[in-house]
Amino acid sequence: MTTVTDHEPRTYRGATLEELLPKIREELGPDAIIVRQREGLDGGIGGFFQRRCVEVVARRPGPGVDAYDTPAPPAPPTPAAPPAPRAPVAPEPPAPGIREIMRVASPFIDQLQAAEAAPMSTPTPTPAAESSEPMTEPDDDEPQDEAEAQTVEQRSGDEQRPGDQQPVTGAFGASAYTVTAGGAMVSTRQSAEPLAPAPVPAPLPAPAPLPVPASLPVPASLPVPALQLVTHDASAVTPFDPRTLERTHASPPPPPAPVTATRTDEAAAHEQALVAAGIALPLAADLIDATISHIVPFGPKRALKRALRKALARRIPIAPPFAAGGQAIAFVGAGGSGKTLCAARLATAYAQHSDLGVTVMSLAPPERAAALRAVLDPAGVYVLDARSLEVNHVSGERVLTIIDTPPLSPAATDEIKRLAGELRRLGAPAVHLAVPATLSGAAVRALLDGFAPLAPVAIAITHLDEVGHAGPVIDEAIARGLPISYTSEGSGTDGFAPADAAALAAGVLA
């Protein structure tokens, strides 16, 4: 008989088969063969608190040994002298199903024949009585129930006749075997309930070799183990894919929706007023929520509208005052934006009430420069033609220089670039963009985008008296972080002043 090495069966125990498969494939290879799978109970105290578990017996794949290509088993040896070997007897060709079963059990036959050939120094162990007690941890050499299976299955030639074959039973119940070629074996019949041990007949004298029947009869009183033979076609077996287990996991829950502050009818009305004044809905909602959550707790009796005004005022960027010494400012904008009026009003205010000198220049055509001179002549301020200057005359240490520019369309890209070059020639003054309060939010954005090549540092809000508020301009200033420097309303000399955040917020939320 040919002995197969490195293919000894191994026993694995775990909670589920899926838990054991990766370990079996790692230790025995991807083509490991599972020769037994049983379910039982494990652990507990005094028969209580037991948990279900699975026991799997597997081995490496390899060429098996046909049990019928060897001589018939010899007669039981006596202590005096070992029995003489028998002459080989060629058995009848077995059925395919029987040959496959015996191929799986070939390692057990080798061990039994080796034990029979050796001198018997100790009594031959008999199968232990089946117990319904929970399974305990197996020994390192070989599990007890596996030895029982070997003894019962291989007794057909010595102690059992072919008609007395019994299914393997134990704490796991009846076993069923399924042989596969590409993966582990899965039992088609399992029982978690223990069965009563089958009676073992008394040893019989060594019979003459008997022909092997085509099928193994099983007593009707015992359950018939399910048997399934699978051909060794690796292409027909689907390999185990652990990613299928990952796909069964539940998808992560969607992120929670943002929590908003509790709204009252008054808060909803103020939110609608802010939106109607030109404040974007996201900014209006954020102002309402922040005020209710963080301002109202410190003044429960404070009116919500007043708190909202202060919250909006804190959001409005305001240009800081000029540092001491001379400065240079250029007002730019579209036609009718009021930039020339801003230049005249600022020059008049400094000429009448400041200790700094004032110089006014104009890059506009002569007819527009003449209108500026008519406004500034009563204040004693002379207007220079900046187009004829070839050197830098912009501001000294104690002089404020104000530059008026020609009106330009925000879409006139070439003219805006030309104006940027002229301003650099005059010393790169700080550019203040005149934005009328009458514009919509879209128009304000288009104006700021068109004059972006001039790099304006601040916004001067004009025509404020025509609408009473500058909501769209304020909303865009907050969004871009562009400060507001001055506000201009009316046509008199007293309608021009540095921007006041509280006044602007009060105009939006009247």
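The values are calculated or read from the model by the stated rules, or taken from the named source; none is laboratory data. Not measured: the values here are computed from a predicted model. Here Cβ is always computed from backbone atoms with ideal geometry, including for glycine, and neighbour counts include all displayed protein chains. Quick note on the areas: whole protein, heavy atoms, side chains included, nothing else; ligands and nucleic acids left out. Shrake-Rupley method; radii C 1.70, N 1.55, O 1.52, S 1.80 Å.
Structure summary
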quantity	calculated
Rounded to whole Hz, the Karplus (6.51, -1.76, 1.60) HN-Hα couplings of the range 279-290, x for glycine and proline	7, 4, 4, x, 5, 4, 5, 5, 5, 4, 5, 5
Accessible area of the range 368-510 belonging to carbon and sulfur atoms, whole % at 1.4 Å probe	53 percent
Nonlocal amide H pairs with T401, under 5 Å, H built at 1.01 Å	Q327, A328, I329, T359, S395
DSSP-defined antiparallel bridges as percent of all bridges, the range 286-410, nearest 5	0 percent
Amide proton proximity set for I318, modelled H, under 5 Å, gap of 5+	I484
Per-peptide average of other Cβ atoms within 10 Å, ordering 285-295, 397-407, 469-479, 11-21 highest first	469-479, 397-407, 285-295, 11-21
Kirkwood Rh in Å, taken over the range 270-359 so that all alpha-carbon pairs contribute	16.8 Å
